[in-house]
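The values are calculated or read from the model by the stated rules, or taken from the named source; none is laboratory data. All values derive from a computational prediction rather than experimental measurement. Don't worry about glycine lacking a Cβ; one is built from the backbone with ideal geometry, like all the others, and counts go over all protein chains shown. Accessible surface areas use protein heavy atoms only, side chains included; no ligands, DNA or RNA. Shrake-Rupley method; radii C 1.70, N 1.55, O 1.52, S 1.80 Å.
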Amino acid sequence: MDTIEIFRRIQDAIDKIIETSELYGGLFPSILDPQTGKMFLNRPPKITGQRNGDRSHLGSNLIHDEPLLQTMYALGRPKYIEAADKYLSYFSLHCTKTSTGLFPWGEHSFWHLIEKCVGCSRNSNGYAIHDHLRHVPFWLWDKLRKFNPDCIQNFADGLSFHWTKGSGYEYIRHANIEIRSQLERGARSCDFPRHSGFYICDLAYAYVHMQRTEIFDQLCLMTEYWWNKRDELGLLLIESRSPKDSERFFANNTPSQTLSLGASLLESADLIKPFENDLALKMQSYAYEYISGFLAAPHEPLNRKFVSLCQRETQKVIELMITWGSIYGASTVSGTAVLCINVWRLTQNKELLKWALAAGESYLEEPFPIDKIKTKGLQIPAMDSGLVLALFSDLYDVTGESGWLAAGMDLAVDICDVYFENTLPIGASNINWYESQLGPAFLIHGLARLASLVQDDFIIEPNYTLR
């Protein structure tokens, strides 16, 4: 397989999605027939490790589609740029006028394409819940601001609904979208560190475009939130408050989420420095502490042990990352390795690059399990494969070692064999539908970036939103 064939498959898929989007104001439906491109009216069964409350049946989810939109802009074809602009224009003008200002996107909500309203996948009572799911890159905020500047400030104001009722300040990753009320505090805080990084980036972007005091105050509050909750290594808990009977969460540190917050702080600091230098310096200082915490966790990269959770008091390893076959709550090594390169680009910390290189080598030692996929029906989300392609591409990009490109092209052959039997890639191996929640946008972006690096006539930039 050569790059011409890779780009042909990518372009055929994008063309089919654009064709379908014309029925829905330019928005991309989440669940599609991979051959015809038509939206599935009946929800297919969830795969192993997937939750129905995370899916966007009969809807469109911008957070899911962002890597695909990035790829369309990068490919530069006028048809693709027009379609991506149409999507984001429609979304900004028609889908953002909610009671709180929060958008219907992310983990539990979406825009319902049939009813043309906020869609809810999580609650049977129909109350749509906002959860960011992933980092929103600044280029996407730029596009939304171009089409509807007001939605940026409204969204930033809506983030205040992530604070919960009670004394002091405690946020939760969930918030009502159509009810202007903060949620009650439960037995768990659910204030995952990575989410504070998402909000910091959102608030920083809103602040630099309109220096409003209330946004600055929220930005300072969110920047400080985790600082005094870190341990002596600089590591952060998976959530600040968990009941003792919650074995997976109670008193356990999360190295990857600690690093995620560091990445968001560094990117936000660069953005706001011309306006608020003191805050930018504080963000950078905090970020470096969190990065040190991530590296101090009991990883053993040379032994291919990458720590997902470790006990706060003893540093005992509670859970290791997996290589292939992500499920809810258990991400793969490749996602954190890509994040390491993201932060390495910002800091030039050689230990982060070493971590990513060890992760890349682990995928050379444990390649794409195509035999188990074909003989045992193994279901691997498209996102997993896309992130390994992204890792190989980034490792080549930063080291210049051609072996990573060769490994990526070898992997691309198996990936296309498994996921691209039809025009659209399937959402996971051994299923027969495209589903945005399973990450085919990351697969398309990963293939396109790899092929662009091989051709070396134009480069598709990396995507660092999965953090």
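Remarks
- For the range 276-322 versus the range 157-229, the inter-centroid distance based on Cα atoms is 22 Å.
- Accessible area (Å², 1.4 Å probe, nearest 10) - Phe40: 50 Å²
- Cleavage-rule hits (trypsin sites (Lys or Arg not before Pro)) in the range 57-116: DSSP loop, at most 15 neighbouring Cβ within 10 angstrom: Lys97, Lys116
- Shape category assigned to the range 84-195 from the gyration tensor of Cα positions, a/c cut at 1.5: prolate
- Cross-link reach is defined here as a Cα-Cα straight distance under 12 Å, omitting same-chain residues fewer than 8 places apart; for Lys143 the aspartates and glutamates meeting it are Glu66, Asp85.
- Kirkwood Rh, Cα atoms: Rg over Rh of the range 405-453: 0.97
- Inter-label distance for Phe7 and Leu302, nm, one decimal - labels placed 7 Å from Cα along Cα-to-Cβ: 4.3 nm
- Pair-distance distribution of the chain: all C-alpha pairs, bin width 10 Å, starting at 0; shares per bin in whole percent are 4, 21, 32, 29, 13, 1, 0.
- Straightening the chain between Asp217 and Lys165 buys 16.9 nm, computed as 0.36 nm per residue apart minus the Cα-Cα spacing.
- The range 198-335 - percent of accessible surface contributed by carbon and sulfur, probe 1.4 Å: 52 percent
- The range 62-141: translational diffusion in µm²/s, Stokes-Einstein, Kirkwood Rh over Cα pairs, 37 °C, 0.692 mPa s: 243 µm²/s
- Ranked by solvent-accessible area (1.4 Å probe, protein heavy atoms only, all chains present), the residues Val398, Val317, Val307 order from largest to smallest as Val317, Val398, Val307.
- Of the three principal axes defined by the Cα atoms of the range 228-347, the extents in descending order read 44, 31, 25 Å.
- Accessible surface of the range 347-431, 1.4 Å probe, proportion on carbon and sulfur as whole %: 47 percent
- Taking every DSSP helix (H) stretch of at least 4 residues in the chain, weighting each as -39,500 (n - 2.57) and dividing the sum by the residue count yields a mean residue ellipticity at 222 nm of -16000 deg cm²/dmol.
- Over all Cα atoms in the range 1-134, the spread is summed up by Rg and Dmax: 15.2, 50 Å.
- Loop-located trypsin sites (Lys or Arg not before Pro) in the range 298-328 (DSSP state other than H, G, I, E, B) with a sparse environment of at most 12 neighbouring Cβ atoms within 10 Å: Lys316.
- 27 Å Cα-Cα threshold exceeded, pairs from Lys97/Lys282; Lys79/Lys146; Lys46/Lys116; Lys46/Lys374; Lys244/Lys316: Lys97/Lys282
- Taking the convex hull of Cα positions in the range 199-244, its mean projected area over all directions (nm²): 4.2 nm²
- Hydrodynamic radius of the range 145-249 per Kirkwood, over alpha carbon pairs, in Å: 14.9 Å
- Stretching the chain fully between Glu184 and Arg51 yields a gain of 45.5 nm (0.36 nm per residue, less the alpha carbon separation).
- Taking every alpha-carbon pair under 8 Å whose residues sit at least 6 apart, the chain reaches a relative contact order of 16 percent.
- Whole-Å semi-axes of the range 1-44's equivalent ellipsoid (Cα gyration tensor): 23, 13, 6
- Per residue accessible area in Å² of the range 72-154, where ligands, DNA and RNA are left out and the probe is 1.4 Å: 40 Å²
- Ignoring aspartates and glutamates fewer than eight residues from Lys38 along the same chain, the ones with Cα atoms less than 19 angstrom from its Cα are Asp12, Asp15, Glu19, Glu22, Asp65, Glu115, Glu421, Glu435.
- Cross-link partners for Lys305 among the aspartates and glutamates, with Cα-Cα distance under 16 Å and sequence neighbours closer than 8 places in the same chain left out: Glu319, Glu351, Glu361, Glu365, Glu366.
- In terms of its C-alpha gyration tensor, the range 19-69 comes out oblate, because a/c is 1.5 or above while a/b does not outweigh b/c.
- Taking all protein chains into account, the per residue accessible area for the range 389-467 stands at 30 Å² (1.4 Å probe).
- Restricting the calculation to Cα atoms, every distinct pair contributes to the Kirkwood radius of the range 288-441, found to be 16.3 Å.
- For the range 321-392, the list of chymotrypsin sites (Phe, Trp or Tyr not before Pro) that fall in a loop by DSSP and count at most 14 other C-beta atoms within 10 angstrom reads Tyr328.
- Relative counts (whole %) of C-alpha pair distances in the range 290-338, using bins that are 10 Å wide: 25, 58, 17, 0
- Spatial separation of Cα centroids for the range 95-109 and the range 44-83, in angstrom: 16 Å
- Where the range 167-315 is the region considered: accessible area per residue in Å², 1.4 Å probe: 41 Å²
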